[in-house]
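> There's a structure below that I have some questions on.
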Amino acid sequence: MLKNMIRPSDKSYRDTKKIMLGKEEMNPDFKPLADFIDHKFNVKVINIIYDTIGSGQPRLNICFEFEHESNSFNINGKPYTAFDEKKQQIITEKFEQLTDNKKYNTKDIFVIYSAFQYIAMIEATEKISLEKFQKQLDNRDIWTISRLFTGVTIFLYTDEQLKYYESSPIKKEWADRYFDLLKTHDRFGYFHREKFDIYLDSKENFDNNYNSNWMYYYKS
């Protein structure tokens, strides 16, 4: 069983990345379905992955480049909502028409959707060593640097320091330096400086309001 495209380490992401880089092509068995989805829903499918879940239920992972495309297959086209069952049914029926039923099981097939861009951005972010970056900044006011997905937070020691750096041009200098590192790993050009920033926080806040616990901090 393959995993959905949710992490850079997932096989589905790595296979789709090869297609994006022009090193491989989509499985030709699924190209007619991809063409149908493109024309029917005005999107661009970059990969289709067939696998099984649970006790063997077949699944189709329809991969797009951008999240707005995958979100368009949710109810009302919004993120974090359930899949639009009518669109799933349309895709299921077309897959049954176009595919070799002896090669692929189509009974009770489950259709899901993935977006390549966000995972590629996480991959680029994870390639930066935060320890090395902190040493490069060489600032004794910095306690640690933490990262979640594509966001990075520089922690000062005190709330007083936090207030100072929030209004200081040094914050922009830190963001510029981090962004320069980020772009060396951004193979698809997804990060743009005008939309990128770093976050600042304090160890004082982390200790007093989150019990010095990263799980509490990032769940808030």
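None of the figures in this text is laboratory data; all of them are computed from the coordinates on show. Bear in mind that the values here come from a model prediction, so they are computed numbers and not experimental data. As a convention, Cβ positions derive from the backbone with ideal geometry for all residues, glycine included, and neighbour counts pool all protein chains shown.
> Would you please give the FRET efficiency between Lys172 and Asn213, computed as 1/(1 + (r/R0)^6) with r the Cβ-Cβ distance and R0 = 30 Å, to the nearest 0.05?
0.50
> Which of the three applies to segment 99-171, rounded, prolate or oblate, going by the alpha-carbon gyration tensor with a ≥ b ≥ c and a/c under 1.5 meaning rounded?
Verdict is prolate for segment 99-171.
> What is segment 11-121 by shape, rounded, prolate or oblate, if you read a ≥ b ≥ c off the alpha carbon gyration tensor as root eigenvalues and call it rounded for a/c under 1.5, prolate for a/b larger than b/c, and oblate otherwise?
It is rounded, given that a/c, with a ≥ b ≥ c, falls under 1.5.
> While we're on this one: How big is segment 69-220 by Rg and Dmax over its Cα atoms, in Å?
Computed over the Cα atoms of segment 69-220, radius of gyration and Dmax are 21.8, 68 Å.
> Mean residue ellipticity at 222 nm from the helices of the chain, using -39,500 (n - 2.57) per DSSP H segment of n ≥ 4 over the full residue count, to the nearest 500 deg cm²/dmol?
It comes out at -12500 deg cm²/dmol, rounded to the nearest 500.
> Antiparallel DSSP bridges in segment 127-219: what percent, to the nearest 5?
Bridges in segment 127-219 are about 60 percent antiparallel.
> Which of the lysines could a cross-linker bridge to Lys203, judged by Cα under 20 Å and excluding same-chain residues fewer than eight apart?
Partners within reach: Lys132, Lys135, Lys163, Lys171, Lys219.
> Normalising by the residue count of the chain, find the relative contact order in percent from Cα pairs under 8 Å and 6+ residues apart.
16
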